[in-house]
Structures are given as structure tokens and as C-alpha cells.
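The values are calculated or read from the model by the stated rules, or taken from the named source; none is laboratory data. Fair warning: this is a prediction, and the values are worked out from it, not measured in the lab. Cβ placement follows ideal geometry from the backbone for every residue including glycine, while neighbour counts extend to all protein chains displayed. Keep in mind that these areas ignore ligands, DNA and RNA; they rest on the heavy atoms of the full protein, side chains included. Shrake-Rupley method; radii C 1.70, N 1.55, O 1.52, S 1.80 Å.
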Amino acid sequence: MSRVAHPAGPRHGDVLPADHPPAPPADLNELQASIWPRQARRSGGVLTLGGMDVRDLAAEFGTPLYVCDEEDVRSRCRDYLEAFGPDGRVFYAAKAFCSRAVLRWVSAEGLGVDVCTGGELEVALSAGVPPEQITLHGNNKSLEELSRAVRAGVGHIVADSFEEIARLAYLTGSASPPPAEPMARPNVLVRVTTGVEAHTHEFMATAHDDQKFGFSLASGAADEAVRRVLACPGLSFAGLHSHIGSQIFDTAGFEVAAHRVVELAVRIHDEHGIEIAELDLGGGFGIAYTEEDDAPEVKGIAQSLRGIVDGQCRAAGLTRPRLTVEPGRAIVGPSTVSLYTVGTIKDVDGIRTYVSVDGGMSDNIRTALYDASYECVLASRASWAPPMLSRVVGRHCESGDIVVRHAYLPSDLAPGDLLAVPATGAYCRSMASNYNHVSRPAVVAVNAGTARTIVRRESLDDLLSLDVG
């Protein structure tokens with residue numbers, strides 16, 4: 001079969017999309033360290049993850065497959081704890097990827113866990129995460145979810161609306177008429193919308209005023225939310241929460257957000273005579289998905305955020321509150337690699353080669369949803385064939401079913417080869433679907449040359465069991 005090779009980038013005259021692909025790498029067999037798990041290696045040209053040959057993983061567990069390096073996750077937890085020190089707190093944002101195994105790992109390493117639904121809360125509790133080390137988020141928490149959280153004794157509940165404050169007041173006996181059995185007094189953080197425009201995708205920015213999260217500073221809603229929490233004897237006002245978005249590479253937005261939140265803290269002190277005990281600046285720290293991404297170092301993030309909060313509090317004459325952060329993507333994102341088997345290969349009139357794999361948008365919706373970029377390598381063997389400009393696509397009935405928009409793969413690629421896409425630990429399995437009635441892949445944990453399933457592959461029987469018609 002003749003393939004379109006581009007040994008030095010796209011040829012003059014090639015018809016390419018506006019989002020021009022980068023030049024091909026000098027060596028298609030090289031692994032860019034910043035986007036792979038720390039223990040990823042090539043052995044005889046074959047990719048190994050956690051000491052496991054990907055061919056063995058594919059043979060035993062099938063593809064598509066998420067392969068999660070346990071030690072990689074644990075080491076990143078330790079990095080964050082060391083960086084933020086004993087006077088800070090680090091909570092893993094479970095929405096990035098929520099499974100009992102991963103929550104046990106992060107809890108064992110000393111992190112708390114953020115959850116945003118009743119389902120995530122149950123996973124955390126069933127994993128043995130201490131309730132006091134759990135924070136409940138969410139913009140529309142039901143009375144049942146709040147009741148479960150308060151009864152379980154979660155450490156913090158982040159209030160996101162006046163309705164939630166009223167529901168908590170009812171549950172704890174602060175409203176009239178009180179419930180038959182008032183619950184324990186929960187610690188409440190008030191989520192503040194600071195108006196900061198984070199430099200990220202529109203759908204990942206969460207602190208501008210025109211969106212669904214939190215209480216607006218500009219409108220005075222945040223001040224009023226604090227008043228209502230303080231007015232409820234059954235609630236304990238613990239501090240303020242701010243989250244400006246996701247996949248953020250610099251701290252400039254955090255500086256503006258911290259400044260505005262501290263201004264609110266000053267008003268709280270002046271009006272109520274109290275200082276906030278905790279300032280949660282959320283997460284959103286970016287990771288590298290491609291060679292062009294320059295993700296920040298954890299120590300640099302911590303030093304910058306501490307300096308920002310220290311400076312703002314000192315200028316306002318306030319004691320610095322305990323600083324909390326909520327990394328999710330930064331903990332689990334780089335730890336996981338998606339494995340696919342090549343099915344069909346189509347050359348399209350000298351433009352590019354379409355490589356179809358046995359997964360797609362059902363196991364990674366981020367390319368279609370956020371126009372996310374990924375790298376991709378031939379994983380099951382080495383190749384010194386010239387690179388060909390490729391688009392790795394899935395098996396779904398959608399033209400937007402793209403896994404990797406621009407990939408340079410060897411021109412001797414063949415059906416049956418294994419492809420590996422790094423940095424798929426965050427939001428890929430969490431946002432996976434059964435589109436076209438495709439079952440969701442398994443998640444396998446690898447560590448020191450061993451592998452085990454931590455989330456099993458769905459079967460057709462699983463899908464049919466839900467159809468009661």
C-alpha cells in the first residue's frame with residue numbers, strides 16, 4: 001500500500017486545515033518525558049508502562065485500554081504535599097478520575113478528596129477515605145446529597161447557591177420548622193465567583209460572571225452568602241473558595257482572584273469581626289499534552305500561590321488563612337496512557353492518512369468537546385519508516401470522532417499495530433460514554449511489573465441489562 005510520507009513536514013502544495021500541524025519529530029520512537037508517566041520506557045522498541053510490555057497488556061486485557069501507573073499517581077501526590085508544606089492542604093479533585101483504587105492511593109499518600117456528586121461521595125466513602133478528609137462540591141446539590149454528606153461527617157461543604165444554604169439550614173435545625181432529627185454542624189466554604197477570565201478554553205473557565213458556579217463578587221451576592229451562613233447557628237463558616245478554571249499554565253489569574261477574595265475577607269472582618277480560617281484556591285493546574293506544552297512545576301506553583309496570598313493578606317492587615325488547593329488533572333492526568341489497536345488505514349488524496357482505531361470519542365471526548373490536542377506513538381514495535389501525517393480517528397458514526405487531530409506515525413503502520421496516546425488519565429474515563437452502544441474500556445493499574453484491573457471493561461450484557469423494554 002502506498003502511504004503519504006512527510007519526512008520534513010507537510011510538502012509544499014499540500015491542502016491542510018487552518019490549524020496547521022507541527023513538523024514531525026526527529027525520531028518517531030522517542031518518548032517526550034513531559035507527557036508520559038515517569039516510568040514509561042522503550043524496551044527493544046516496545047513501549048513499557050510500570051514495567052509492563054504493552055503487547056502483554058493488550059493481549060490480557062484487550063483494547064481500547066486505559067493503563068494507569070500507580071507509582072506515578074502516588075509520586076505526584078507526594079510532590080504536591082511537599083510543595084505546599086505542613087501549613088497547606090491538598091485535596092484530589094475526584095471528578096478527574098474517580099475509582100476506589102485511585103482514591104485509596106491518594107488518601108494513603110495524605111491527600112484529601114473533593115467530590116461533586118452523591119455518586120462520587122459514595123465511591124470515596126466506600127474506598128475508606130476518612131469523611132473529615134472529604135469536601136463536597138457541586139452547583140446543584142440535592143437535599144438528599146447534602147443530608148448524606150452531613151450525616152457522613154464530611155469535612156467541608158462548598159456552598160454554591162442561596163438554595164443550598166437554605167437546605168443546609170433546614171437539615172441542621174437552623175430553619176423553621178426544624179427536621180425531626182437535626183444533624184451535626186457542617187463546615188461551610190462559600191464559593192466566590194471573582195470575575196477572573198482564565199486563559200483557557202471557554203468551557204473550562206469557571207470564574208467569569210456569566211456562568212453557573214458560585215456567588216458573584218461584583219453583584220454583592222458573595223457578601224450576602226457569608227451573612228446567611230453566619231446567621232445560621234447550625235452552620236460553621238469555614239472560609240472562602242475560588243476556582244478560576246482548568247488547564248491553566250500561569251498564576252497571573254490566581255493573583256487577581258486572590259486579591260479580590262482577600263478584599264472580601266477584609267469586608268467580612270469589618271462587618272462581622274472575624275477572619276477567614278481557610279482560603280481554597282481550587283485547582284486547574286495545567287499539564288503537558290503535547291511537546292509544545294510547557295506545564296508549570298509544582299514547587300513553582302506553590303511558591304507563587306503562597307507569595308500571592310501572603311502579600312495580599314499582609315497588605316490588608318489580615319492573618320494568612322490556611323491555603324488549600326485541589327489538583328485533579330495534575331495528579332492523575334500524566335499517569336495514564338490509552339492503548340488502541342489499529343483497524344483500518346486510508347490515504348486521502350495526498351492530504352493525510354486516516355488511521356482508525358477500536359476506540360474513539362466514547363473513551364476520549366476531549367478532542368471533540370474542547371478541541372484538545374494529543375500526541376500518539378506506535379507502541380508495539382519500533383519503526384524507522386518515514387513519518388506520515390495522520391489523523392487518528394475512532395469507530396463512531398461521527399465525522400468529529402477524532403482522537404488525535406495531527407499525528408506523525410510511521411508510514412509502515414499496519415492493521416493490528418498498537419497505538420498509545422499519553423496524558424489521558426483526567427476526564428477521559430470520567431466522561432466516557434456508550435455512544436453507538438460501545439462498551440466503556442477497562443482501567444488497568446500497573447506497578448513494578450504487575451498489572452491488575454481496577455475498573456473492569458463493560459460487556460454487552462451490561463448494556464443490555466439496562467434495557468428493560
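So here's what we get for this one:
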| read-out | value |
| --- | --- |
| Filtered residue count, region 326-351, keeping only those that are modelled with pLDDT under 95 and open to solvent by less than 10 Å² (accessible area, probe 1.4 Å) | 0 |
| Criterion violated by residue 319 - all others in (1) without any contact (Cβ under 8 Å) to a residue 60 or more places away in the chain; (2) surrounded by 24 or more Cβ atoms within 10 Å (Cβ to Cβ); (3) among the polar types (S, T, N, Q) satisfied | (2) |
| Which numbered condition residue 216 fails, given (1) crowded, with 23+ Cβ neighbours inside 10 Å; (2) at pLDDT below 95 | (1) |
| Condition check for residue 266: modelled with pLDDT under 95, under 20 Å from the mean Cα position of the chain (by Cα) and surrounded by fewer than 24 Cβ atoms within 10 Å (Cβ to Cβ) | no |
| Residue selected from region 27-63 under the condition over 20 Å from residue 415 (Cβ atoms) and of a type in the set (Val, Ile, Thr), by the criterion surrounded by the most Cβ atoms within 10 Å (Cβ to Cβ) | 35 |
| Residues (assigned to a loop (DSSP other than H, G, I, E, B) and farther than 26 Å from residue 38 by Cβ) located in region 313-336 | 317, 318, 319, 320, 321 |
| Given (1) under 28 Å from the mean Cα position of the chain (by Cα); (2) not in a helix (DSSP H, G or I), number of the condition residue 274 does not satisfy | (1) |
| Elements of type strands (runs of 3 or more DSSP E) in region 352-454, at least 1 residues being aliphatic (A, V, I, L, M) and more than 21 Å from residue 43 (Cα to Cα) | 352-357, 387-393, 402-410, 442-447 |
| Enumerated strands (runs of 3 or more DSSP E) restricted to region 44-107, each holding at least 1 residues that are in contact (Cβ under 8 Å) with a residue 12 or more places away in the chain and either farther than 26 Å from residue 340 by Cα or out of contact with any helix residue (DSSP H, G or I) (no Cβ under 9 Å at 6 or more places or on another chain) (or both) | 65-69, 88-93 |
| Single unsatisfied condition, residue 392 versus (1) surrounded by fewer than 22 Cβ atoms within 10 Å (Cβ to Cβ); (2) over 22 Å from the mean Cα position of the chain (by Cα); (3) of a type outside the set (Ser, Thr, Tyr) | (1) |
| Test: residue in region 115-130 that is surrounded by 19 or more Cβ atoms within 10 Å (Cβ to Cβ) and among the acidic types (Asp, Glu) | yes |
| Sole residue being at pLDDT 90 or above, surrounded by 15 or more Cβ atoms within 10 Å (Cβ to Cβ) and either part of a loop (DSSP other than H, G, I, E, B) or at positive phi (or both), chosen from 239, 195 | 239 |
| Cβ pairs under 6 Å, 6+ apart, first in region 374-388 and under 15 Å from residue 415 (Cβ atoms), second of a type in the set (Gly, Ala, Ser) and open to solvent by less than 10 Å² (accessible area, probe 1.4 Å) | 379/420 |
| One residue from 390, 383, 411 being modelled with pLDDT of 95 or more, touching an Asp or Glu at 6+ places or on another chain (Cβ under 9 Å) and of a type in the set (Ser, Thr, Tyr) | 383 |
| Odd one out for residue 282 among (1) over 12 Å from residue 84 (Cα atoms); (2) open to solvent by less than 10 Å² (accessible area, probe 1.4 Å); (3) out of contact with any His (no Cβ under 6 Å at 6 or more places or on another chain); (4) among the small types (Gly, Ala, Ser) | (3) |
| Selection count where residues are aromatic (Phe, Trp, Tyr) and in contact with a Cys (Cβ under 9 Å, 6 or more places away or on another chain), scope region 383-440 | 2 |
| Only listed residue being on the phi > 0 side of the Ramachandran plot and within 25 Å of the chain's Cα centre (by Cα), chosen from 371, 349, 363 | 371 |
| Residue in region 297-312 that is of a type outside the set (Val, Ile, Thr), open to solvent by 20 Å² or more (accessible area, probe 1.4 Å), under 21 Å from residue 194 (Cβ atoms) and assigned to a loop (DSSP other than H, G, I, E, B) present | no |
| Failed criterion for residue 144 (all others in (1) surrounded by 14 or more Cβ atoms within 10 Å (Cβ to Cβ); (2) of a type outside the set (Gly, Ala, Ser); (3) farther than 24 Å from residue 279 by Cβ hold) | (1) |
